[in-house]
Amino acid sequence: MYSDLTVTMANNELYFFAILPPFNIAGDVDEVKNEFAEKYDSSKALRSPAHITIIPPFFVNDEFEKSIEDKVQSFCKDCSSFNVKLNGFGQFNDKVIFIEVEKNEELQVFYNAFSAFFTGMGFELTSMHKFFHPHVTVAFRDLTLKNFMKAWPSFQDREFKAAFSALGIHLLKHKDDQWHVIKEFTFGSSY
């Protein structure tokens with residue numbers, strides 16, 4: 001596992017890669033997250049910007065930021081932007097509620113290529129993370145089963161529609177109990 005940059009977990013930082021929607025759509029997603037915080041006592045999703053996870057959280061030391069930048073930018077310069085459509089809500093195991101991302105071959109191709117690039121640098125994805133179900137989480141971790149059961153009937157058929165062009169991938173870092181975008185890597189042939 002990327003041994004030259006990985007040290008004890010205590011000295012490591014937590015990162016992940018994601019595609020972020022533009023501010024107007026992120027604002028709409030935040031409204032839904034705030035609704036969960038106010039009505040269902042589930043606010044942990046507010047600790048990160050609206051996003052579609054590409055590489056789930058992983059620990060490395062902060063030298064990673066410097067060492068990866070040129071490699072990721074080089075990878076992204078050969079990528080093209082693609083459209084993403086958000087449509088409705090879904091859930092995982094009565095624990096997570098999310099906004100669905102419509103099936104999209106271009107997103108799947110990007111995920112496959114970026115995952116191969118990432119593992120090619122010595123990182124490992126667990127078998128759970130090799131399964132890609134793109135979504136935008138609006139409630140999780142602190143959503144109790146009781147509140148899930150209250151919330152899900154009003155969200156399962158609720159409309160949420162949005163579309164945007166994915167123009168790049170973002171690196172996020174966990175700091176002060178929040179996720180922060182620290183770098184955007186723009187696709188080379190964005191339209």
Strands (runs of 3 or more DSSP E) wholly inside the range 117-180 that include at least 2 residues being at pLDDT below 90 and farther than 30 Å from CYS76 by Cα: none
In the range 181-191, residue nearest to SER48 (Cα to Cα) [restricted to those that are modelled with pLDDT of 95 or more and aromatic (Phe, Trp, Tyr)]: PHE185
Residue within the range 81-97 that is surrounded by 13 or more Cβ atoms within 10 Å (Cβ to Cβ), farther than 30 Å from PHE36 by Cβ and more than 16 Å from the chain's Cα centre (by Cα) present: yes
Tabulated pairs, the range 82-102, first on the phi > 0 side of the Ramachandran plot, second surrounded by 15 or more Cβ atoms within 10 Å (Cβ to Cβ) and assigned to a strand (DSSP E or B), C-beta under 6 angstrom, 6+ apart or interchain: GLY88/GLU100
Matching option when the condition is over 21 Å from PHE23 (Cα atoms) and crowded, with 18+ Cβ neighbours inside 10 Å, among SER115, SER154: SER115
Number of the condition not met by GLU13 [criteria: (1) in contact with a helix residue (DSSP H, G or I) (Cβ under 8 Å, 6 or more places away or on another chain); (2) at pLDDT 95 or above; (3) of a type in the set (Asp, Glu)]: (2)
Any hit, the range 20-40, residues being surrounded by 18 or more Cβ atoms within 10 Å (Cβ to Cβ), within 19 Å of the chain's Cα centre (by Cα), closer than 28 Å to ALA116 by Cα and touching a residue at least 60 places away in the same chain (Cβ under 8 Å): yes
Index of the failed condition, ILE52 passing every other in (1) at pLDDT below 95; (2) β-branched (Val, Ile, Thr); (3) closer than 20 Å to ALA113 by Cβ: (1)
Test for GLN73: is it at pLDDT 95 or above, over 14 Å from the mean Cα position of the chain (by Cα), farther than 20 Å from GLU124 by Cβ and not basic (Lys, Arg): no
Considering residues of the range 103-124 that are in contact with a Pro (Cβ under 9 Å, 6 or more places away or on another chain) and touching a residue at least 40 places away in the same chain (Cβ under 8 Å) only, the residue farthest from ILE25 (Cα to Cα): TYR111
Boolean, PHE36 is part of a helix (DSSP H, G or I), modelled with pLDDT of 95 or more and farther than 17 Å from PHE164 by Cβ: yes
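The values are calculated or read from the model by the stated rules, or taken from the named source; none is laboratory data. Just so we're clear, the structure is a prediction, and the values are computed from it rather than from any experiment. All Cβ positions, glycine included, derive from the backbone under ideal geometry; neighbour counts span all protein chains shown.
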